[in-house]
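A.B. asks: The following block contains the structure, expressed as structure tokens.
Just so you know, all these numbers are worked out from the coordinates, no wet-lab data involved. None of the values given here were measured: they were computed from a predicted structure. For neighbour counting, all protein chains shown are included, and Cβ atoms are generated from backbone atoms with ideal geometry for every residue, glycine included.
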Amino acid sequence: MRLFPTLIMAMVALSPAVLLCQHVNEAQSSREVLPIALPAPNHDSQCSVEKALANRKSVRAFKGEALSLATISQLVWAAQGITRKTDAPPGWRWGTWQGGRRTAPSAGALYPLELYAVVGNVDGLNPAVYRYKPQTHELLIVTVGDKRATLATAALGQKWMETAPCVFVVSAVYKRTEVKYEERAPRYVHIEVGHAVENICLQAVALDLGTTMVGAFNDDEVKAVVGMTAEEQPLAIVPVGKGGS
């Protein structure tokens, strides 16, 4: 009789579902997960820069429409996509070269920003938190499940954010910039996050979407929800979706 519970436990331990959960947990802890390739971004559209500037506004209500994978691709590229792949300049000594030049300017080409997509309703993507990898234009799964409600709570209870099909979170690794600019690094990083967020906002307008930037949140709670590394600090939250009434 004593063997029966042991046998059941062994069967459960070997079940595909349990093995899958173990695999996901191990992958999350090591941050080594299979990448999700994104469609190539467009480099032209029918919306001019002037039109995007004129039509940009803060949107805090969203319809229930899903976004496409191509839309996510365009938005992450606008924020942090590589426009020119290059080798490190001769004599480079400022840490790991980030692979090229990006859509948003960065002091010393040090690129301290990290971009996350908190996905709830995107065709072709399961609800999860993804990290954008600019070097290969891919998404990496950080943690599974729809985290929009938890993120809204971490943003001081701004529940309207839950209705956005995707919520972007921008963080920074300050030491990437500090290695060269020392005490001036924070101001350069903060300038850069403004560039990246405005790129998302203008690209959203060009895609007939609404968005705004959220700066009111509990740093530690956002870090936990998104699954950031200890060296990262969250700087901005950007919900995106089809604007509603």
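A.B. asks: Which percent, nearest 5, of DSSP beta bridges in the chain are antiparallel?
C.D. replies: Details: 35 of 37 bridges.
Close to 95 percent.
A.B. asks: Ok, one more. Run down the lysines and flag those whose C-alpha is under 19 Å from the C-alpha of LYS51, throwing out any fewer than 8 positions away in its chain.
C.D. replies: Partners within reach: LYS242.
A.B. asks: Right, something else. Hey, which aspartates and glutamates would be in cross-link range of LYS133, C-alpha to C-alpha under 14 Å, not counting anything within fewer than 8 residues on its own chain?
C.D. replies: Candidates past the 8-residue exclusion: GLU32, GLU114.
A.B. asks: Starting at the first residue of segment 193-200, write each ³J(HN,Hα) from the Karplus equation 6.51 cos²θ - 1.76 cosθ + 1.60 with θ = phi - 60°, in whole Hz, x for Gly and Pro.
C.D. replies: Values per residue, Gly and Pro as x: 5, x, 4, 5, 5, 4, 4, 4 Hz.
A.B. asks: How much length is gained on full extension from ASP146 to HIS195, taking 0.36 nm per residue of separation minus their Cα-Cα distance?
C.D. replies: Once the chain is fully extended between ASP146 and HIS195, it gains 14.9 nm.
A.B. asks: Using mean Cβ contacts within 10 Å as the protection proxy, how do 133-139, 148-154 order, highest first?
C.D. replies: Order by mean packing, descending: 148-154, 133-139.
A.B. asks: Under 17 Å Cα-Cα from LYS147, which lysines qualify once same-chain neighbours fewer than 8 residues away are excluded?
C.D. replies: LYS159, LYS223
A.B. asks: Which peptide among 197-209, 84-96, 171-183 comes first, and what is the full order, when sorted by highest mean count of other Cβ atoms within 10 Å?
C.D. replies: Put in order of decreasing packing, that is 197-209, 171-183, 84-96.
A.B. asks: At 0.36 nm per residue, and after removing the present C-alpha to C-alpha distance, how many nm does the segment from LYS51 to THR83 gain when stretched out fully?
C.D. replies: On the way: separation 32, 0.36 × 32 = 11.52 nm, distance 2.25 nm.
So the extension gain works out to 9.3 nm.
A.B. asks: Separate question: Based solely on its DSSP helices, what 222 nm [θ] is calculated for the chain when runs of n ≥ 4 H residues each add -39,500 (n - 2.57) and the sum is averaged over all residues, nearest 500 deg cm²/dmol?
C.D. replies: Mean residue ellipticity at 222 nm (helix-derived): -11000 deg cm²/dmol.
A.B. asks: Let me ask you something else. Sort 112-119, 140-147 by the packing proxy (mean of other Cβ within 10 Å over each peptide's residues), most packed first.
C.D. replies: 112-119, 140-147
A.B. asks: Quick check on the chain: what does the Kirkwood estimate of hydrodynamic radius come out to from the alpha carbon pairs, in Å?
C.D. replies: 19.2 Å
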